[in-house]
Structure formats: C-alpha cells, structure tokens
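Comments concern the structure below.
Where a number appears in this text, it was derived from the coordinates with a stated rule and is not lab data. Since the structure is predicted, the reported quantities are computational estimates derived from the model, not experimental observations. In this analysis, Cβ positions are derived from the backbone assuming ideal geometry, glycine residues included, and neighbour counts consider all displayed protein chains.
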C-alpha cells in the first residue's frame, strides 16, 4: 500500500529489535568510556554555522553536505554533521580549559549530512565519540585508540585493526604540502575532477582519492618530511600500543576528511571489510579549540564512530532480553489482573496484560 506520508530519503525508522540493539550499543559505548574516565556531554543538535565553517571550509561536509537554515532572528544555523566541532565549542564556551587537565568527554547522538544515500550512509545517522582535551603527549593518542578498540570489542567486534599515520604539524607539514602539490601538478591533466579541485583547496585529500589510486602510489611519503618532534610522537604512540597488544599498520595514504587534524590520524577496521575500508576513525586536532576562540594551547585528540556502520559488522540482534510476563485473565477479573501486573512491574518485571477484552 502506498502512503502519502513517508520518511525523508536517507533516514530510518528504528523499530524493534533494531532499536533495542541500538540502545544496547549506546549503553555499551558509554559504560566502556566511563571505565576509561570519560564523562558524558550533550550538546544541541544544531549550532551556529560558523562553528563548522571556521574549522573546515574546504571539506565536503561544509561545502556540500550541511543542513543549514536561517531562523526567524536571522541567525545562520546548521544541524550538526559531526560531533567534534560541537564538543570543541562547548569546551571553550564553558571554560573547561580552566578545569584540571586533561578533560575526558564522550558523546552520543544523531548527526545530519545531506549526502547521497547509499549502503550504510544515511542523512541522519547516530554517532558515538570520545574527546581528550589538554594533553599533547603521545600517551593521549594511544589511550584514545585503545578506548576506540575497547568500545567496539565490547559491542561484539572481534580483533579490530588499527591503521594510522601522522600528517605532521605546522613546522613540517608545509614542506610536505609543497612537495605533494608539485607532484600532482605534473599529473594534473589525468586527475579526476574532485582531485583537480582538491589540488587548490585541500591537497592532502588527494591521497584519499579512490579514483586516481595509481598516481598516488608514487606520491611523496610524508614520513620523509616529519620533523623530529612528529617522528618521536608517532613512534612513541606505536610503541605504547604494541605494549598493550594493539599493533598498528602505518598507512602513508591515510588522511582525514576534516581540515582540523594535526599529527596523528587513525582508522579502526576489521578483516571482514578489507584493507582499505574503515569502520570509523579519528585523530589529533590541537588547533581546533583555538580556532573557536579558545586558548592558544588547547591540544585534543578523539574519535567518532557511526553506530549504524558498526552494527552492520557486529550484527543486528540484541542479547537475549529479560523475560516478559503476560497476565491473562477471565471475564470479571480485569481489576485483579490489572493490579497484579502493576505489582509485578514494581518488582522489576516486564509485564503485559490483555487490553483487547
């Protein structure tokens, strides 16, 4: 039967048992983050548009995928497309930089991107994330990666894989950027249209292209341009992760799609997805809070995972729910059955009664 009113394209109705599984994953993620010392934070689902414009003007999210509108007061607003920038705004606005550092935060909620709907890519999706503010040390990067793996393992994923890279800092990245531009300029006429645009706006994203793969294989490797601090930072992080049984595969082509990343970038995957398909990722963004009027030194590292994508790998079925009691009754015993059901509920049972007569 055709219905006049249908859900918007790229969205889902979460019905049981899927909705029960989603709630289970939410609790699992927050409980695991709590074990690592992370506190839950909730921010509005919409922000003033400059929160996202200031930190990612050359990204696909900002250029093409925002749900933006102007309210009756003339304020430009955007439904949040991701959680990290919103958490950074909250960190700055609420003066959390004055609290004892580091500050560990986690979040869970809906995100909105007006992208082309396809398998596991929705215009409204659910994201869990964790952010660690106030530490420049590689130990912070290692902790975030360990937490990311622990969360998906608690959700049911066996043996998650870690790919990582360092995209350098303000000291060494400009030299690499120049070398990368020079290399791709020599191949400009053979680049896809997206890469020709990225060459002007966001050169590091050239390495992320899935079309011009053969060209990037000979591109300069950023590790040859790392400064001593970036090299030490990356190597220390890898050593720490190896110490706790989290081996890291370095991927020289790994960059993240948002402009605010510095040094560490990483992706969590699974063998069933293949080598180049990630479940989710994260990294370090030491300049993000500063770009949102925070203190000059506001180092941060974190990750964000799409719950629907994770659920596609760990499976849709929830654990066996608690037993549900059904109170049946004969005619004339409605009040007795109704009262009994309520007594059982107060004792912690899940109870249904006959409501059809």
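With the contact rule set at Cα under 8 Å and sequence spacing of 6 or more, what percent relative contact order holds for the stretch 176-255?
Working: 48 pairs, mean separation 26.3, N = 80.
After rounding, I find 33 percent.
Roughly how tilted is helix 334-346, in degrees to the nearest 10 and between 0 and 90, from the longest Cα axis of the chain? The helix 334-346 is inclined about 40 degrees to the chain. Among 333, 112, 46, the largest mean-square fluctuation in a Gaussian network model of the chain, built with springs joining Cα atoms closer than 10 Å, belongs to 333.
Separation of the stretch 1-58 and the stretch 332-357 by C-alpha centroid, Å? If you average the Cα positions of each part, the centres end up 35 Å apart.
Principal-axis analysis of the Cα atoms of the chain puts helix 228-243 at an angle of about 40° to the longest axis.
Between 16, 220, 203, find the one with the highest GNM mean-square fluctuation for the chain; connect C-alpha pairs within less than 10 Å. Ranking 16, 220, 203 by mean-square fluctuation puts 16 first. With the simple spin-label model, which puts each label point 7 Å out from Cα in the Cβ direction, the residue 293 to residue 101 separation comes to 2.1 nm.
Compared with the dominant Cα axis of the chain, that is its longest principal axis, helix 138-155 is turned about 30°.
Given the Cα atoms of the stretch 166-297, and with Rh set as the inverse mean 1/r over their pairs in the Kirkwood sense, what is Rg to Rh to two decimals? Working shown, then result.
Working: Rg = 15.6 Å, Rh = 16.0 Å.
With Rg and the Kirkwood Rh in hand, the quotient comes to 0.97.
When the helix-only estimate is applied to the chain (DSSP H runs of n ≥ 4, each -39,500 (n - 2.57), divided by the residue count), what is the mean residue ellipticity at 222 nm, nearest 500 deg cm²/dmol? Taken over the chain, the calculation gives -10000 deg cm²/dmol. Express in whole angstrom the spacing between the alpha-carbon centres of the stretch 207-274 and the stretch 72-88. When both Cα centres are located, 29 Å separates them. Per residue, the convex hull spanned by the alpha carbons of the stretch 22-160 comes to 140 Å³.
Before anything else, pin down the relative contact order of the chain: Cα pairs under 8 Å, at least 6 apart, normalised by residue count, whole percent.
Values: 581 pairs, mean separation 72.2, N = 357.
Answer for the chain is 20 percent.
Residues within the reach of a label modelled at residue 227 (point 7 angstrom out along Cα to beta-carbon, backbone nitrogen below 18 Å), restricted to the stretch 135-157, are 135-138. Label separation (residue 277 vs residue 337): 4.9 nm, computed from points 7 Å beyond Cα along the C-beta direction. For Rg and Dmax of the Cα atoms in Å, the candidate list reads (i) 21.0, 66; (ii) 23.7, 88; (iii) 21.2, 72; the entry that matches the value derived from this model is (ii).
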